[in-house]
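Throughout, read-outs are computed from the coordinates displayed, never taken from laboratory work. For clarity, every value in this text was computed on a predicted model and none was experimentally measured. Quick reminder, even Gly has a Cβ in these numbers, built from the backbone with ideal geometry, and neighbours come from all protein chains shown.
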Amino acid sequence: MAILKAFRGLRPPKEIVKDLASRPYDVLNSDEARVEAKGNPYSLLHIIKPEIDLPCGMDCHSQPIYDKALENFSLFREKGWLVQDPEDYLYIYAQTMNGKTQYGIVGCAGVEDYMNGIIKKHELTRKDKEEDRMKHVRITNANMEPVFFTYPAVPEIDSIVARIVNGNQPEYDFIAADGVGHHFWVVKDKNVIGKILELFAKVPFTYVADGHHRTAAAALVGNEKKQHNPNHNGSEEYNYFLAVHFPDDQLTIIDYNRVVNDLNGLTSKEFLEKLALNFVIEERGSEIYKPDKLHNFSLYLDGKWYSLSAKPGTFIDSDPIGVLDVTILSRLVLESILDIKDLRTSTRIDFVGGIRGLGELKKRVDSGEMRAAIALYPVSMKQLIDIADSGNIMPPKTTWFEPKLRSGLVVHSLD
């Protein structure tokens, strides 16, 4: 059964929380982070993207970068921009986007749960990205950013969370620059905390929704500390890491689309003829066409939109991987027609999160940067959980969760 633990969070004062909370480290590059944090000494980007405070052009994986992260983290604590709560608490973190609010429980997940498969994942991680975040966790001795988990919804937990948020003013409540609302409650009542922990202990598995590299790094560093401590007894804070746990029925996965910069030597007519072998093709004109169900795709080519519906027999509904639209697309189009074999390394393909809208696909093709675009119907939460439960891994760039968690509302110290 899954571990959820209360902890003594490090949190910013209310007056600076909107300025301190930042987007996650991996959704913006160094140049974007410099712009976003310019003139804002409170931004957590000074800790999670510390290269912004050093000369441009430095290797982002060099030791001075990590040293700067520790220096800035220490500075934030000295200045009172991150202050540790006096006791172990849980926290409720809610996000509102497009009129919909999702409510997550902020608490620590167990390193042991990750190592033994109680925490399930659906993506592969890259060792270089793991090591980067591991160095960051090691030097700061903290989980600066939460990971985004989901779990099978428990009505009793939902009821407790509803009572907390309906009966108390949030500690933090602000709308970020992107229009997403962020609301945060501190749960101090020991009886309420105890009841949540008791109910959560019956949850069989949790699932990494977003943040696979951060999850791996946090768990692996915790396991390292265990191995290197001859007096390890299991109660140390490094046995846990920071996560926000959302019930699965409150989350929405949005589409994650593809653009390609050539047709592998084919003319548009030849490309469409090859597609017709496995897809029913309908021309939809110049108006944006969005896929309306599983196994339906939209293609933008030469100023026109097309509906592509995979023909029966081209996918296997009983196979949790084979039934995915990303698998169908990769196998029947990207590999067999366009000869794009490795989505992780090919320079002939790029990926566009659905949060940007299908207009972004049209823009990139019309500009001449890309030759064609293909949009997919979003993966469902059931598909994600089925794949994780079966021990399988999704193809690259399959899921896009929105809104993203803001970093800095609470930090977990490994001390």
message: Given R₀ = 22 Å, what would the calculated FRET efficiency be for Ile393 paired with Glu131, taking r from the Cβ atoms and rounding to 0.05?
response: 0.65
task: Please work out how much length the chain gains when fully extended from Asn191 to Lys363, using 0.36 nm per residue of separation minus the C-alpha to C-alpha distance, in nm with one decimal.
output: 56.5 nm
- line: Stokes-Einstein, Kirkwood over Cα pairs, segment 12-94, 20 °C, 1.002 mPa s; D in µm²/s equals 156 µm²/s
query: All other residues with a Cβ under 15 Å from the Cβ of Tyr207 taken together, and with Lys, Arg as +1 and Asp, Glu as -1, what is their net charge?
result: -3
field: Residues His232, His213 arranged by fewest to most Cβ contacts within 10 Å
entry: His232, His213
- request: Report, in deg cm²/dmol and to the nearest 500, the calculated mean residue ellipticity at 222 nm for the chain, where each DSSP H run with n ≥ 4 adds -39500 (n - 2.57) and the sum is divided by the residue count.
  value: -8500 deg cm²/dmol
- prompt: How far is helix 212-228 tilted, in degrees, relative to the longest principal axis of the Cα atoms in the chain, given as a value from 0 to 90 rounded to the nearest 10?
  reply: 40 degrees
- request: Please work out the Cα center distance from segment 322-361 to segment 71-119, rounded to the nearest Å.
  value: 34 Å
- prompt: For Lys382, which lysines qualify as cross-link partners when the Cα separation must be under 18 Å and same-chain residues fewer than eight apart are set aside?
  reply: Lys120, Lys121, Lys293, Lys397
field: Dipole magnitude (debye, nearest 20) for the chain, charges at Cβ of Lys, Arg, Asp, Glu
entry: 120 debye
statement: The residues Met97, Met1, sorted from fewest to most surrounding Cβ atoms within 10 Å, come out as Met1, Met97
query: Can you give the relative contact order of the chain as a percent, counting alpha carbon pairs under 8 Å and 6+ residues apart?
result: 24 percent
query: Using a Förster distance of 30 Å, how high is the FRET efficiency between Asp249 and Glu282, based on the Cβ-Cβ distance and rounded to 0.05?
result: 0.35
- request: Before anything else, pin down the relative contact order of segment 276-385: Cα pairs under 8 Å, at least 6 apart, normalised by residue count, whole percent.
  value: 31 percent
- request: Work out, step by step, the length gained on full extension between Arg331 and Asp317: first 0.36 nm times the residue separation, then minus their alpha carbon distance; give nm to one decimal.
  value: 3.5 nm
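So how much slack lies between Gln84 and Glu273, counting 0.36 nm per residue of separation and subtracting their Cα-Cα distance, in nm?
Extending this stretch completely gives an extra 61.7 nm.
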task: Scan segment 278-317 for trypsin sites (Lys or Arg not before Pro) in coil per DSSP, keeping those whose Cβ has at most 14 other Cβ atoms within 10 Å, and list them by number.
output: Lys293
field: Gyration tensor (alpha-carbon) shape descriptor, the chain, a/c threshold 1.5
entry: prolate
- line: Farthest towards the positive end of the dipole of the chain, among Val411, Ala243, Val186 and with Cβ unit charges of +1 on Lys and Arg and -1 on Asp and Glu, lies the Cα of Val186
message: Taking amide H atoms as placed 1.01 Å from N in the peptide plane, list the residues 5 or more away in sequence, or in a different chain, whose amide H sits under 5 Å from that of Asp88.
response: none
